[in-house]
Structure formats: C-alpha cells, structure tokens
Amino acid sequence: MKLATLKTTGRDGQLIVVTRDLSRYIAVPQIAATLQAALDDWSDCEPRLRAVYDQLNAGHVAGAQPFDAAACHSPLPRAYQWADGSAYLNHVELVRRARNSQVPASFFTDPLMYQGGSDSFIGPRDPIIADSEDWGIDMEAEVTVVTDDVPMGTSPEDAIARIRLLMLVNDVSLRGLIPGELAKGFGFFQSKPASAFSPVAVTPDELGNAWAGGKVHLPMRVDLNGEPFGRPDAGQDMTFHFGQLIAHAAHTRDLEAGSIIGSGTISNKQGGLNGSSIRNGGVGYCCIAEVRMYETIETGKPSTPFMHFGDRVRIHMEDAQGQDIFGTIDQVVTQRTGA
C-alpha cells in the first residue's frame, strides 16, 4: 500500500491513497483525515485503506485524480519522534580515518543515534533553504521506517513487527556548523535543518523480497545536478537492521505511533577514491562528505565542494523492474530571501 499527504491549509495535510505506479490517488476522509490519524488507529484503518488501495489499482474507484508529487508534503508533515541512526559503519570509519582516529569497539554493538527536529518537515519538492554556502550544505540519502506504538524494552525481533511504513529522506546536514556543535558535547541542532521525506510512504509488503531481515535490499539512487552521484545498496554493509535501531530507541522509553527511525547515510565499502565514484565503476555516495573523506585520506585534503545555491539533488529508489517505489525527492539549494 502507498500513502501520501497533500498540502492543504492545515498543518498536517490530507491523507491520500496512491496507486502502485504513482499515477493516481484518492482522498479518504471517511477513513482518516491525516496519516497520523491512520497510524493512531492502524488496526482499524489499515484494512480499510488497503481495500481502497486494491480497488484503486484495479481502476474501480470513481473520482481518482492524477498524482503530482509536487503537490505533496512529506507523508508526515510533522511527527512525534524523528530519531536518526548511523547504521552504516563504513561511513563512520571513513570519518574517523580522515582524521587519523579509530572507531571505538562499542560502535559495532551499540548503534549511534541522535534526536532530530520533527516539528516541521518540508515537502519532497521544496527547496533546501540556507543563509550561506559557508554552512557546508550537504545531502544525506537514507531509508526510514515509521513505527506503530513500541513499548519500552522491545526486542529487535519484535521491533521489526512494529514497522508500519517505509520512506526515503534527505537528511540535510550543514557540515560547516557540525564541528562547533559537536565540540560542545551536546549533539546536533543548528547543523540539522528541516528534512524532506519521499512523496510516498509504503507498507513493507510493497518491497517484496527486497524487504528482508529488517533491511531494504535495493540501491539508493542519488543524482547531483543531473549526474549520477550514488547507487549504493541499502541492504549492504548495514551493521544494524531497523529492528535493532528501533529497539535501541525504545531501550528506556516508549515510542508513540508515527515515530520515524532513520538508517543514517547509506554507505557501501569500496576501493578508495579512484574506484568509488560511479564514473570510475564504483557505487558512489549518498552524501558529499563521504567523497571528501576519500579525498582527504588519499590526497591529504578534500577538493569536492559542498552544494552551492542553484544545485539540484534528486533521491529515489527503483524496484527490480525499474519502477519508482517512493516517488522522487527533488530539491534545489536556495538562499533564504532577505538573508
């Protein structure tokens, strides 16, 4: 099943059901006005939404409209919880190697996670707004899951069963602001502006065999200014699956329905700078920071710039038949008016 949220006058938008091929949609106010409302009463709403989805795909729903991702907000325009992990330790190892530091042994058994701002997400076609290019504007392409209620102390195995939806996210990072924030020892805040999620959230069954072991086994497709930038497999080199990430988040607290848990930047192990880019036969990257890490390791300093105003990033994922699963995040870096 595929669900999305239209931008309306309300803060939480209007829940819609979208066809599998992302061509048509229908609003379902008789079932739930918003996606959060559906998640709050999932046991009742899910079968009713699925019945509409099946009829919509069969072409038996009157009043269906053409689907336009540009009219969508993030599926959850705001959420009770947005916690982002760092499940791909290759990414962490590169960061450490670039500054001649070792990865602590605990990182391989205890996931990294930070609590992001969830009061205001932006739409998948909204611009990335910043005051200055000196902030070091970077994209981070990730997979996320949306949970049902998760009790404190839930095991990783049981946590997988609590996953209701999957989405993609561009977790924008302002790399120039990160060092100063981390030096304070209190985590990210200003360096993590509003994230944009994929136009559509999907139930795990939509991925078929590509959803296995709490991981999505498909390439993440990232383009920068019209050129292929990243194609790493989201299931490869993922040290912690989503069940482990959810269990980590719920170790000392309950998670409410509608909580979003992120995978962290997708990163596959590769053979250094000369073999890691798509141009050189590698799978590329899901963030600019990673190629800069390779450059620092191999040449002593980074040479690839972070994003400039006017740069465009596109993020999406295709199934084995080449069909876009979640819709495309398509954003242009834009200077804030009056900055």
Calculate what fraction, in whole %, of the accessible area of the chain sits on carbon and sulfur atoms when a 1.4 Å probe is rolled over the protein chains. 49 percent
Sum of side-chain charges, ASN209 neighbourhood, beta-carbon under 15 Å (Lys, Arg +1; Asp, Glu -1): -4
Given labels modelled 7 Å from the Cα in the Cβ direction, how far is it in nm from ALA58 to VAL95? 4.9 nm
Separation of the GLN321 and ASP131 label points, Cα + 7 Å toward Cβ, nm: 4.9 nm
Extension gain ILE297-GLN335, at 0.36 nm per residue separation less the Cα-Cα distance, in nm? 10.5 nm
Rounded accessible area per residue of the stretch 212-331, 1.4 Å, Å²: 39 Å²
For the stretch 32-107, what is the accessible area per residue in Å², given a 1.4 Å probe and the full set of protein chains? 46 Å²
So what's the angle, to the nearest 10 degrees on a 0 to 90 scale, between helix 89-98 and the longest Cα principal axis of the chain? 30 degrees
Assigned charges on the beta-carbon of Lys, Arg, Asp, Glu; the stretch 272-339 dipole about Cα centre (debye): 320 debye
Modelling each spin label as a point 7 Å along the Cα-to-Cβ direction, I'd like the HIS251/ALA183 distance in nm, to one decimal. 2.9 nm
Too-long pairs where the Cα-Cα distance tops 32 Å, listed order kept, from LYS7/LYS215; LYS7/LYS269; LYS7/LYS192; LYS2/LYS184; LYS192/LYS301; LYS269/LYS301: LYS7/LYS269; LYS2/LYS184
Restricting to DSSP loop positions (anything but H, G, I, E, B) with no more than 15 other Cβ atoms inside 10 Å of their own Cβ, which trypsin sites (Lys or Arg not before Pro) remain in the stretch 285-339? ARG336
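The values are calculated or read from the model by the stated rules, or taken from the named source; none is laboratory data. Not measured: the values here are computed from a predicted model. Cβ sites come from the backbone with ideal geometry, for glycine too, and all protein chains shown count toward neighbours. These area figures cover heavy atoms from the full protein model, side chains too; ligands, DNA and RNA do not enter into them. Shrake-Rupley method; radii C 1.70, N 1.55, O 1.52, S 1.80 Å.
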